[in-house]
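Enquirer: Below is one structure. I have some questions about it.
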Ligand code: FES
Ligand code: FES
């Protein structure tokens, strides 16, 4: 497939990239735009490491063709802290020292922010539901759960 | 390609028949010169482990890989404690690969991270380093203020002379401190004077790992760098017979296709194009020497082997005779599958050749070994291989690669293109899952005898499984046919049993590459021994905790954690019952690994259809002095989750030589809904610290399976548990 110019809106900035339109958004972010905070883990929507927001919804960028992102507002881990929820979640994450290896955590945070944007008082069951697609091989789940509750409290 | 430097040939790696073994002599002067060259003049760099700048920053040089276990934070705490630094002024930097300064003292002349040894081997070394720097800062203040040394106090990064009201920060004294002689002897603090050690200090890597700025190997971009994705053979032992590169080269952005010993590599400017090129390649494989293993048949062979005596790892009394005269005997067999490490960041490596050798970027876990492997391939001296150790997105033992598999693969690609461009090798998840170096499959057979009073009088434990030490730099662990890492946790069973025999078969011709996996031998020995002990306690009509304690009189640290966990878990009170149709159970296990002692009580709920969940895990740990209790807790939480993941679901299986699993749909790590509550209780200690990364993994599976047995009466003896309770 040939390369086309596609204009993306990433973290509030317009970016034009020349890539094949079926290239997953993940690789455009990472390799073309060098926004490497978004991670590759599986390439098959199985792990959540690549989670970003498109118009406020959490999506797996490994399985989202870049063409589908044209015209959408894309937020990545590099930009999520500009928002109220993102900032609260990052602070809660740091307050509890959630991270271990950290590789999954961009995706965890993006999923957590999307959850809290839609539900300011999530229950444990809500968290299991919303975070079920995000693997953490270091198993930081106890703290992920606690940090989401902390962030919810700070946003209340 | 560069020519090797003459004169450094003292450092040599001998290729032995069984693999790479280390025989190293260290050119100390080379390392010291290198250190001098690197030190900026205005900075105080009293030793290899820290640097204080005039900007008042204290930079701790970490010789160990940060792969999530919190070692950067722990190592920095030890330095900061003796230095009396303020935690906020401390930052951490990765040490270069240089075994003359940064060897793991537990490993001898080799730099690397593993065996839960980072804090243990660094403890004295970093206390000395911090104390020496502090003494030099004090000496500088003495000189500047002309007051006696004992009238100066140091706290939170500030030196003070109270009588005159003078004070100075580390940064203000850095330049003067650098002029002071390095003290030959320093006094270390008494543990009762510790201010930072034992506190919950914030992790040093939290901020950059929550805002996306932390750099992993996967994130490295170098000018002109090419990204490589490799077509690997479908079976271990297969080789490239022929390939057609045209369909790959036809893809816009594919730069080159090269054959390497482990497959065919496609190089492109970006990862996705390289992957598309790899997928488009047509490769014919020569499978004449390929693996044809099937897991089911391998287990049959292991079981047949277990019928015959193996190499004896421990022999006390006459277990055969004691079994013959026992009032009651029990026997059990346990099966363990291959396991993948499945770190969230798949294996990857960046290598760039330059005029003076090569630069490499990756989550290096055995720097000295990796230097040797790369030096040999490139015809360099090991010190010409510069390793920039980056954060690793998990390892669990995988990045301490025997033979350097993925590192060497990167080097072969660089070599195949004559070093024209830097190369980043990216293993996609499937490459990683099917890339081998697994926790070996094992079969255990245990027999035991109880006398008429219910005392355990005979114990026989036979293990069958591949050696992980074979072909590694740790081959010395193999003595008289016994790989110590195969029988750790079994040969040193702590229980007082008068007649014991532990023996081992090590089938050598399996053809599946195996490697250490978080907690190594204890991943299977803790399970078989602690499940069988539990079964025996039940047969003897005894309480599982009391029965163990009665046999642990000579092992007070095992007994200590066991008593503590029983008390905190409320072992003597009945477990709260479940809702309608739910059965609940509680199980216990205790195990020593890497010098640390861990006991766990797991509480489970089993539904009427056999589905189960682990509700709560209470853990007691004795790992000596605790540097950071919150990091210990994190490792316990993570270790519990990692071990539960394997116990519930994980298996790498083979069908006719093919790995049956490829990605997270068929090799499925624990997700958040299955994570239990975790409680930690630490035994206070003044003993030197031991490790915490691996030990909490060991007792989890037996505690859970014992709990499931308590709930259902069914003893699971084959891991993973999977659907076995639903039948
Ligand atoms: S990389 Fe996208 S879900 Fe795993
Ligand atoms: S922190 Fe390591 S995978 Fe989540």
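The values are calculated or read from the model by the stated rules, or taken from the named source; none is laboratory data. Being a predicted model, the structure only gives us computed values, none of them experimental. Virtual Cβ from ideal backbone geometry, glycine too; neighbours counted across all protein chains shown.
Enquirer: Check the range B:510-520 and report whether any residue there is at pLDDT below 95 and more than 17 Å from the chain's Cα centre (by Cα). I'd like the intermediate steps shown before the answer.
Expert: Initial filter on the range B:510-520 (at pLDDT below 95): B:510-511.
Next cut, more than 17 Å from the chain's Cα centre (by Cα) only: B:510-511.
Within the range B:510-520, one or more residues are at pLDDT below 95 and more than 17 Å from the chain's Cα centre (by Cα).
Enquirer: Would you please name the residue that is nearest to the other protein chains (Cβ to nearest Cβ), looking only at residues in the range B:621-631 that are outside any loop (DSSP other than H, G, I, E, B) and crowded, with 24+ Cβ neighbours inside 10 Å?
Expert: B:631
Enquirer: Oh, and also: Can you go through A:58, A:114, A:139 and tell me which one is on the phi > 0 side of the Ramachandran plot and either more than 16 Å from ligand 1 (Cβ to nearest atom) or in contact with a strand residue (DSSP E or B) (Cβ under 6 Å, 6 or more places away or on another chain) (or both)?
Expert: The unique qualifying residue is A:139.
Enquirer: Right, next: Just wondering, is there one or more residues in the range B:312-332 that are within 14 Å of chain A (Cβ to nearest Cβ) and either surrounded by 15 or more Cβ atoms within 10 Å (Cβ to Cβ) or within 16 Å of ligand 1 (Cβ to nearest atom) (or both)?
Expert: Within the range B:312-332, not a single residue is within 14 Å of chain A (Cβ to nearest Cβ) and either surrounded by 15 or more Cβ atoms within 10 Å (Cβ to Cβ) or within 16 Å of ligand 1 (Cβ to nearest atom) (or both).
Enquirer: Taking residue A:77 as meeting all but one of (1) within 16 Å of ligand 1 (Cβ to nearest atom); (2) within 22 Å of residue B:665 (Cβ to Cβ); (3) facing chain B (nearest Cβ under 7 Å), write down the number of the exception.
Expert: The one condition residue A:77 does not meet is (2).
Enquirer: Considering only the range A:80-91, how many residues are within 16 Å of ligand 2 (Cβ to nearest atom) and more than 11 Å from every other protein chain (Cβ to nearest Cβ)?
Expert: Here is the first cut: in the range A:80-91, the residues within 16 Å of ligand 2 (Cβ to nearest atom) are A:89-90.
Those still in the list that are more than 11 Å from every other protein chain (Cβ to nearest Cβ) too: none.
Matching residues across the range A:80-91 total 0.
Enquirer: Another question, then. Please verify whether the range B:118-126 includes one or more residues that are surrounded by fewer than 21 Cβ atoms within 10 Å (Cβ to Cβ) and outside any helix (DSSP H, G or I).
Expert: No, there is no match, as no residue in the range B:118-126 is surrounded by fewer than 21 Cβ atoms within 10 Å (Cβ to Cβ) and outside any helix (DSSP H, G or I).
Enquirer: Now for a different question. Give the residues of the range A:97-114 that are more than 7 Å from every other protein chain (Cβ to nearest Cβ) and either closer than 17 Å to residue A:51 by Cα or more than 9 Å from ligand 2 (Cβ to nearest atom) (or both), sorted by residue number. Break it down into steps so the answer makes sense when it comes.
Expert: Going through the range A:97-114, the residues more than 7 Å from every other protein chain (Cβ to nearest Cβ) turn out to be A:98, A:107-108, A:110-114.
Passing the criteria: A:107, A:108, A:110, A:111, A:112, A:113, A:114.
Enquirer: Which condition breaks for residue B:289 when tested against (1) part of a loop (DSSP other than H, G, I, E, B); (2) surrounded by 14 or more Cβ atoms within 10 Å (Cβ to Cβ)?
Expert: (2)
Enquirer: Moving on to the next point. With respect to residue B:618, determine if the residue is touching a residue at least 40 places away in the same chain (Cβ under 8 Å), in a strand (DSSP E or B), surrounded by 24 or more Cβ atoms within 10 Å (Cβ to Cβ) and within 14 Å of another protein chain (Cβ to nearest Cβ). Give the derivation first.
Expert: Details: touching a residue at least 40 places away in the same chain (Cβ under 8 Å): yes; in a strand (DSSP E or B): yes; surrounded by 24 or more Cβ atoms within 10 Å (Cβ to Cβ): yes; within 14 Å of another protein chain (Cβ to nearest Cβ): yes.
In short, yes.
Enquirer: Being away from ligand 1 (no atom under 16 Å from the Cβ), under 30 Å from residue A:16 (Cα atoms) and free of Cβ contacts under 8 Å to residues at least 60 places away in the same chain: is that true of residue A:90 here?
Expert: Details: away from ligand 1 (no atom under 16 Å from the Cβ): yes; under 30 Å from residue A:16 (Cα atoms): yes; free of Cβ contacts under 8 Å to residues at least 60 places away in the same chain: yes.
Taking the combined requirement at face value, the residue satisfies it.
Enquirer: Additional query: Just checking, how many residues over the range B:145-174 are surrounded by fewer than 16 Cβ atoms within 10 Å (Cβ to Cβ) and in a helix (DSSP H, G or I)?
Expert: Total satisfying the criteria: 3.
Enquirer: List pairs: first in the range B:57-75 and at the interface with chain A (Cβ under 9 Å from one of its Cβ atoms), second at pLDDT 95 or above and assigned to a strand (DSSP E or B), Cβ under 7 Å, 6+ apart or cross-chain?
Expert: B:66/B:391
Enquirer: Okay, moving on. What pairs come up if the first residue lies in the range B:634-662 and is at positive phi, the second is outside any loop (DSSP other than H, G, I, E, B), and their beta carbons are under 8 Å apart, counting only those six or more places apart or on different chains?
Expert: As it stands, the answer is B:657/B:235, since those pairs meet every condition given.
Enquirer: Restricted to the range A:119-136, and to residues that are without any contact (Cβ under 8 Å) to a residue 24 or more places away in the chain and away from ligand 1 (no atom under 16 Å from the Cβ), which residue is farthest from residue B:398 (Cα to Cα)?
Expert: A:119
Enquirer: Let me ask another. For residue B:137, all conditions in the list (1) under 29 Å from residue A:104 (Cβ atoms); (2) modelled with pLDDT of 95 or more hold save one; what is the number of the exception?
Expert: Among (1) under 29 Å from residue A:104 (Cβ atoms); (2) modelled with pLDDT of 95 or more, the lone unmet condition for residue B:137 is (1).
Enquirer: Still on this structure, please answer the following. Hey, does the range B:299-310 have a residue that's surrounded by 13 or more Cβ atoms within 10 Å (Cβ to Cβ) and either in the same structural domain as residue B:397 (by TED's automatic domain parsing) or assigned to a strand (DSSP E or B) (or both)?
Expert: no
Enquirer: Give A:94, A:34 a once-over and let me know the one that is within 16 Å of ligand 2 (Cβ to nearest atom) and surrounded by fewer than 24 Cβ atoms within 10 Å (Cβ to Cβ). Step through it out loud before you land on a result.
Expert: Numbers: A:34 fails: within 16 Å of ligand 2 (Cβ to nearest atom).
The match here is A:94.
Enquirer: In contact (Cβ under 8 Å) with a residue 60 or more places away in the chain, touching a strand residue (DSSP E or B) at 6+ places or on another chain (Cβ under 7 Å), more than 15 Å from residue B:211 (Cβ to Cβ) and within 16 Å of ligand 2 (Cβ to nearest atom) - does that describe any residue in the range A:66-74?
Expert: no
Enquirer: State which residue is surrounded by the fewest Cβ atoms within 10 Å (Cβ to Cβ) when the search covers only the range B:202-212 and only residues that are out of contact with any strand residue (DSSP E or B) (no Cβ under 9 Å at 6 or more places or on another chain) and either more than 7 Å from chain A (Cβ to nearest Cβ) or touching a residue at least 60 places away in the same chain (Cβ under 8 Å) (or both). So that I can check it myself, show each step before the final result.
Expert: At the first step, the residues of the range B:202-212 found to be out of contact with any strand residue (DSSP E or B) (no Cβ under 9 Å at 6 or more places or on another chain) are B:202-203, B:206-207, B:210-212.
With the extra rule that they be either more than 7 Å from chain A (Cβ to nearest Cβ) or touching a residue at least 60 places away in the same chain (Cβ under 8 Å) (or both), the set shrinks to B:202-203.
On the way: B:202: 16, B:203: 24.
That would be B:202.
Enquirer: For residue B:321, are the conditions met, namely being in the same structural domain as residue B:467 (by TED's automatic domain parsing) and touching a helix residue (DSSP H, G or I) at 6+ places or on another chain (Cβ under 7 Å)? Spell out how you get there, then give the answer.
Expert: Details: in the same structural domain as residue B:467 (by TED's automatic domain parsing): yes; touching a helix residue (DSSP H, G or I) at 6+ places or on another chain (Cβ under 7 Å): no.
Here the answer is no, as residue B:321 does not meet what is asked.
Enquirer: Condition first: part of a loop (DSSP other than H, G, I, E, B) and either over 22 Å from residue A:107 (Cβ atoms) or within 16 Å of ligand 2 (Cβ to nearest atom) (or both). Now tell me which residues in the range B:662-682 satisfy that.
Expert: Narrowing the range B:662-682 to residues part of a loop (DSSP other than H, G, I, E, B): B:662-671, B:675-676.
The answer is B:663, B:664, B:667, B:668, B:669, B:670, B:671, B:675, B:676.
Enquirer: Separate question: Among the listed residues B:66, B:81, B:93, identify the single one that is modelled with pLDDT of 95 or more, buried (at least 22 other Cβ atoms within 10 Å of the Cβ) and not in a loop (DSSP other than H, G, I, E, B). Outline the logic, then answer.
Expert: Working: B:66 fails: not in a loop (DSSP other than H, G, I, E, B); B:93 fails: buried (at least 22 other Cβ atoms within 10 Å of the Cβ).
From the options B:66, B:81, B:93, the qualifying one is B:81.
Enquirer: Scanning the range A:40-55 for residues that are more than 7 Å from every other protein chain (Cβ to nearest Cβ) and within 9 Å of ligand 1 (Cβ to nearest atom), which turns out nearest to residue A:113 (Cα to Cα)?
Expert: As a first pass, look at the range A:40-55 and keep what is more than 7 Å from every other protein chain (Cβ to nearest Cβ): A:45, A:48, A:50-55.
Filter once more, so that each one left must be within 9 Å of ligand 1 (Cβ to nearest atom): A:45, A:48, A:50-51.
Values: A:45: 18, A:48: 13, A:50: 14, A:51: 11 Å.
Across the range A:40-55, the extreme among qualifying residues is A:51.
Enquirer: For the range B:641-663, which positions are within 9 Å of chain A (Cβ to nearest Cβ) and surrounded by fewer than 22 Cβ atoms within 10 Å (Cβ to Cβ)?
Expert: Correct list: B:663 only.
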